[in-house]
Ligand code: NDP
């Protein structure tokens, strides 16, 4: 039987709807309109699309948002000073710095400059440290999006062997921390793989839930997946395609057709984890606005 397709667009729409209701309730109770500042450095086309999509999703949920454009050659000092300004600006409860940044800018320094109370991307070391220790924190958007897709599709990770391929600070590592927590939505047994992993297929075949976050088109082939596994494809890769008007198409890290033939469930690309990432960003921005009310009481 072909796999059940986990439709990230639909699940994300549900979550965005919940956020819109939460925003309306907050404003009706005299709270602030949640605000998100998005910082876009340079003119990478993919980053531009992501930031504009985030802006549009904010608008639909009743969240105020503004994009701050900086040229690719901006100095690190000027970028940091913009972030200082946004940290002070009470219109914004969340700050998002679209990654990747140009090579001359140190991403870690920029991420650490965002005030952790506005860190709606969940990438600040304080957010990640709190999450690791099981304390309340803004959850990083993509890992949280993966968790939400699993939970909202009826695949509780508790007790499951989750194999994650990829150990980046924005996806693989925080996802492992999230799914292993001793709390609802966690309790998985997690294995994290990377380029130095010996015999990757041997390990991925042991997964009840397999998460690919590698950035390598089609790298997870059918022989790497156990019959009946749940497969989450985080990868978003552009591959040349002369038949498309744009000259490329988006594919994930999973060989979709072949893997879908033996998996229990699978997320497509596009329309899987991508929209979830945006929905969690909105949810975190609403949460930041709520916390600002509590902090001012
Ligand atoms: P990184 O390049 O930072 O990390 C990739 C990870 O995959 C690394 O840990 C790397 O190992 C590992 N890896 C790469 N190739 C292999 C291989 N052949 N075998 C085993 N491990 C491998 O990428 P990101 O985590 O930032 O992103 C991963 C993918 O997810 C990309 O396609 C990206 O576009 C997508 N993405 C999607 C998002 C969404 O909203 N859906 C959000 C963020 C990212 P090592 O550490 O040893 O180098």
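Quick note: the coordinates plus some simple rules give every number you see, no bench work behind them. Quick caveat, the model's predicted, so the values are computed rather than measured.
Descriptive notes on the structure:
- Cα-based radius of gyration of region 128-207 once divided by 2.2 N^0.38 Å, which approximates compact folds: 1.06
- Cα-based helix-to-principal-axis angle, 45-61 vs the chain, degrees rounded to 10: 70
- For region 1-145, radius of gyration divided by Kirkwood radius, i.e. Rg to Rh on alpha-carbons: 0.99
- Over the chain, the reciprocal of the mean inverse Cα-Cα separation, the Kirkwood hydrodynamic radius, stands at 19.8 Å.
- Percent of beta bridges antiparallel (DSSP, the chain, rounded to nearest 5): 10
- Global geometry of region 108-164, whether rounded, prolate or oblate, following the gyration tensor of its Cα atoms and the 1.5 cut on a/c: prolate
- Quick note on region 178-297: its Rg to Rh ratio, both from C-alpha atoms and Rh being the Kirkwood radius, is 1.08.
- Alpha carbon Rg of region 31-117, scaled by the compact-globule rule 2.2 N^0.38 Å: 1.06
- Degrees, to the nearest 10: 141-152 long Cα axis against longest axis of the chain: 60
- Gyration tensor (alpha-carbon) shape descriptor, region 81-196, a/c threshold 1.5: prolate
- Distance from the Cα centroid of region 261-297 to that of region 12-40 is 12 Å (rounded to whole angstrom).
- Helix 273-296 and the longest principal axis of the C-alpha atoms of the chain enclose an angle of approximately 30°.
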